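J.: Encoded as structure tokens, here's the structure I'll be asking about.
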Amino acid sequence: MSEKKVIAVVGATGAQGGGLVHAILADKSGEFTARALTRDVNSEKAKALSQMGAEVVKADLDDYESLKKSFAGAYGVYAVTNFWEHFSPEKEIAQAESIAKAAKEANVKHVIWSSLDDTRKWIPLSDNRMPTLKEKYKVPHFDAKGESNKFFIESGVPTTIFNTVFYWENFVYFGQGPKKASDGKIVLTIPMDDKKLPSIAAEDIGKCAYGVFKNGDKYIGKTIGIAGEQLTGKQFAEAFAKALGKDVVYAPVTPEVYRGFGFPGADDMGNMYQFKAEFEEDYCNSRSVELARSLNPSLLTFESWLKENAAKIPLE
């Protein structure tokens, strides 16, 4: 084991990081081993990763010294931040800066930074088509990650900027799935009109990231984007109907209506969908299903994901 190259995985008990740790551990003959970074080494998920063969290490994105220590001796780092844990773009930016600095100091040979687009390059703050949020952002959870790309580029640490997409687990755990309406119909409400939404299974993000690491320096210094499929709301509804054995209606609302739904982050999410719909061509072209499949030949389709997960979707 000691001869294998260590990949330190930030957020190892989360969706993306967990997918990467599992992919590394599943490849018994591969050249890498997983160092799973987590704030709570005693959590059930952390213990499960340890039992599977990962080295589990305590690290906190708000504690620079713990990051530096956990990156020591690592060949690679998978870096991801979780906006939805605290809803603070400033905190996310500070965490990204710490990751880049610690990776540089630890002389890491390859960082994959899980990023998103800075939407202000398309929709400046002065553009009133979309409300400005928190005074400085259009889509805070996108913009903070996109703005943070500079830390990795400017530090000189060898980095692949890895643009991810909506993952299908959001239909299960994030309230984005179809819901039973008062008239008994099952309705999917996404403010995408007839536009395509690139999306993916969360575990496939990790598998694709593993594919990037396995390609050595091929993707260092590059920005790449992945997707499992690019489907319209109507196509999602049709797939749900087939998997659930029930009629599912796609009922797109406007971004304005969606922003008013009132759940935490509804304004951010409404702006996000508006950005993806209004700039469909740019967004879809930057997220390649073909690239994802080349990195991860077992890439799931939405239909294949639903076979395993449709029963978990809360319709009520």
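The values are calculated or read from the model by the stated rules, or taken from the named source; none is laboratory data. What you are looking at is a predicted structure, and each value in this text was computed from that prediction instead of being measured. As a convention, Cβ positions derive from the backbone with ideal geometry for all residues, glycine included, and neighbour counts pool all protein chains shown. Protein only, heavy atoms only, side chains kept; ligands, DNA and RNA dropped before computing areas. Shrake-Rupley method; radii C 1.70, N 1.55, O 1.52, S 1.80 Å.
J.: Across segment 284-316, which residue is nearest to residue 225 (Cα to Cα) among those that are in a helix (DSSP H, G or I) and of a type in the set (Asp, Glu)?
T.: So the residue we want is 290.
J.: Kindly list the number of the only condition in (1) open to solvent by 40 Å² or more (accessible area, probe 1.4 Å); (2) of a type in the set (A, V, I, L, M, F, W, C); (3) at pLDDT 95 or above that fails for residue 174.
T.: Going through (1) open to solvent by 40 Å² or more (accessible area, probe 1.4 Å); (2) of a type in the set (A, V, I, L, M, F, W, C); (3) at pLDDT 95 or above one by one, residue 174 breaks only (3).
J.: Restricting to segment 126-153, count the residues that are touching a strand residue (DSSP E or B) at 6+ places or on another chain (Cβ under 6 Å) and either in a loop (DSSP other than H, G, I, E, B) or crowded, with 22+ Cβ neighbours inside 10 Å (or both).
T.: Number of matching residues: 4.
J.: Another one. Would you confirm whether or not segment 109-121 contains a residue that is of a type in the set (Ser, Thr, Tyr), open to solvent by 30 Å² or more (accessible area, probe 1.4 Å) and either within 22 Å of the chain's Cα centre (by Cα) or under 19 Å from residue 11 (Cβ atoms) (or both)?
T.: No: zero hits.
J.: Search segment 247-273 for residues that are part of a strand (DSSP E or B) and pair each with any residue that is open to solvent by 20 Å² or more (accessible area, probe 1.4 Å) when their beta-carbon atoms are under 7 Å apart and the residues are at least 6 apart or on different chains.
T.: Going by the 7 Å Cβ cut-off, the qualifying pairs are 248/241; 249/185; 249/187; 250/234.
J.: In the list 43, 2, which residue meets the criterion of being modelled with pLDDT under 95, among the polar types (S, T, N, Q) and open to solvent by 10 Å² or more (accessible area, probe 1.4 Å)?
T.: 2
J.: So in segment 5-51, with the set limited to residues that are among the basic types (Lys, Arg) and touching a Gly at 6+ places or on another chain (Cβ under 8 Å), which one is farthest from residue 75 (Cα to Cα)?
T.: Applying the filter and picking the extreme gives 45.
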